[in-house]
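Written out below as structure tokens is the structure these notes cover.
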Amino acid sequence: MRPGSEQLKQALKSDVTHRLVVDSFYGATRTAMNLPVTQWELKWDVEAEIKSYGQLTIAYSGDMADSYTPQEFTDLLAPFGQELNILLEVSAGEFSETIQLGHYRIMSVPDARDEHMNVTGRTLTVGSRVTVNVQDRLVGVRRRGFRFEESPPSTASCWDELARLTGMQVIRSVPDQPIPASVVYAAEQGGRLAAVQALANVLGGVAYVTADGALSVLPDEPGDVALELTLGDDGTLLDVAHAMDSEGVYNTVVGNFTDENNNPITAVATLADGDLGTSGPFGEYTRYYSSPLVKTQAQANAAVQAILDRSLATQTYRVPVQCLVNPLVEFGDMVSVERPVGDPMVGRVVNYKFGSSRMMTLEMDVTRAI
């Protein structure tokens, strides 16, 4: 979760007001403070290529008949390197606290218009309404490709290589690992971002941009419960659904690999009998897997068997939840959700969004034993 005071955590259980605080930057230069945002929505999705994105509408009325509608590449809200730093101010009575939500790059201006007034024969601009689409800083990594196929200059540290590839500050959230000698970066569209995610996979997670604009890795392994959503008069939970899905419950795994001499290696693991066996009514459900880290037949056999065992041990299903806005939530957080009957449901946040309203929607993966 994002850091917040205990007083803030208690305030979020009551009736609070929100105000978005947005400053614009062009490089290291702050070009405007407290932009007047009227409508907005931000979303965070660990499964998306760019993990955080959104849309904001800025309604500006100045005293100098000036306009915020971008015309030139270097204008305040133009989508050519301009960024927005976004915070959320939460207030309850005399209490107020500000939470950093993210640092975003302006990607497009889908709608911009000025209002004009005729004054003594002159046409003056009396206001601007500009809508911008924003994405987190991973978009800069995606856009910056490799000019030719290359290998890491050193295989000693995944974290050092992540810092080199992105040019970003890194927050080392998991232990470092050496880079596999077989790693080669492809000179193709999105190749640099794919290389970053491949290194994050070696570290055991997914690369993302933190609220402060640094690069970090969300571990695959979940942590402890970070938030409890409760029912009742003092609760923050508005709605929760229930689901069951056979998607992802594989009973056959086929692995295709190559050894050190680039010779093919194939391995198969399957469950033939039982309720989920290939010979029963469920039928065969095959997953294909490959990895540059697997170089022997023994490694291949172990890899596909491990994936099959995980698939058949549990089922993960997606649960949508509506609750009051809690800006401390981040994807990867473990959340406990109270139910009218039975024990609370515990899941890991995969995506969430909130905006101008008081409501927040999140989806979490809940594991059920099979």
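Quick one: order H18, H103 by neighbouring beta-carbon count within 10 Å, fewest to most.
Exposure proxy ranking, most exposed first: H18, H103.
Taking every DSSP beta bridge with both residues inside the chain, roughly what % is antiparallel (nearest 5)?
So the antiparallel bridges amount to about 90 percent of the total.
Assuming a ≥ b ≥ c are the square roots of the Cα gyration tensor eigenvalues, decide whether the chain counts as rounded (a/c under 1.5), prolate (otherwise, with a/b larger than b/c) or oblate.
oblate
When the Karplus curve 6.51 cos²θ - 1.76 cosθ + 1.60 is applied with θ = phi - 60°, which whole-Hz ³J(HN,Hα) does each residue of region 192-200 get, with x for Gly and Pro?
Each residue of region 192-200 in turn: 5, 5, 4, 5, 4, 5, 5, 5, 4 Hz.
Please report L76, L312 as a ranked list, fewest other C-beta atoms within 10 angstrom at the top and most at the bottom.
Fewest-to-most ranking of L76, L312: L312, L76.
At 7 Å along the Cα-to-beta-carbon direction for both S108 and R310, put a label point, then send me their distance in nm to one decimal.
3.5 nm
Under the rule of at least 5 residues apart or a separate chain, name every residue whose amide H is placed under 5 Å from the amide H of R2.
For R2, the qualifying residues are V329, E330.
Between 0 and 90 degrees, rounded to the nearest ten: what's the tilt of helix 297-313 against the longest Cα principal axis of the chain?
Roughly 60 degrees, rounded to the nearest 10.
Under 8 Å for C-alpha pairs, at least 6 residues apart: give me the relative contact order for the chain, rounded to a whole percent.
The value is 15 percent.
By how many nm would the segment from D273 to E247 grow when fully extended, if each residue of separation counts as 0.36 nm and the alpha-carbon distance is taken off?
Extending this stretch completely gives an extra 7.4 nm.
In a Gaussian network model over the chain where Cα atoms closer than 10 Å are linked, find which of N263, N326, N351 has the largest mean-square fluctuation.
Among N263, N326, N351, the largest mean-square fluctuation in the Gaussian network model of the chain belongs to N263.
How many lysine pairs does the chain hold where the Cα atoms are under 20 Å apart and the two sit 8 or more places apart or on different chains?
So the count works out to 5.
Taking 45 Å as R0, compute the FRET efficiency from the Cβ-Cβ separation of E284 and S14 and round it to 0.05.
0.25
When the chain is fully extended, how far beyond the present Cα-Cα distance does S291 get from R368, taking 0.36 nm per residue of separation?
In short, 25.0 nm is gained.
Which whole-Hz ³J(HN,Hα) couplings does region 325-341 yield from phi under the Karplus relation 6.51 cos²θ - 1.76 cosθ + 1.60, θ = phi - 60°, glycine and proline marked x?
4, 10, x, 7, 5, 9, 5, x, 5, 8, 10, 9, 10, 5, 10, x, 10
For region 358-366, just list the computed ³J(HN,Hα) in residue order, Karplus coefficients 6.51, -1.76 and 1.60, θ = phi - 60°, integers in Hz, with x standing in for Gly and Pro.
Listing the rounded values in order: 8, 9, 10, 10, 9, 10, 10, 8, 10 Hz.
Could you give log10 I(q)/I(0) at q = 0.21, 0.26 Å⁻¹ for region 142-219, computed by the Debye formula over C-alpha point scatterers of equal weight, without solvent?
Results for region 142-219 at q = 0.21, 0.26 Å⁻¹ read -0.91, -1.35.
Students often get this wrong: which residues of region 38-61 have the backbone nitrogen under 13 Å from the point 7 angstrom along Cα-to-C-beta of S173?
45-47, 51-52
If each DSSP helix of 4+ residues adds -39,500 (n - 2.57) and the sum is divided by the residues in the chain, what number results at 222 nm, nearest 500 deg cm²/dmol?
Estimated from H runs of four or more residues: -4000 deg cm²/dmol.
Just report the Cα centroid separation between region 22-49 and region 307-370, whole Å.
26 Å
Values in this text are rule-based calculations from the coordinates and carry no lab data. This structure is a prediction, so every number in the text was calculated from the model and none was measured. Here Cβ is always computed from backbone atoms with ideal geometry, including for glycine, and neighbour counts include all displayed protein chains.
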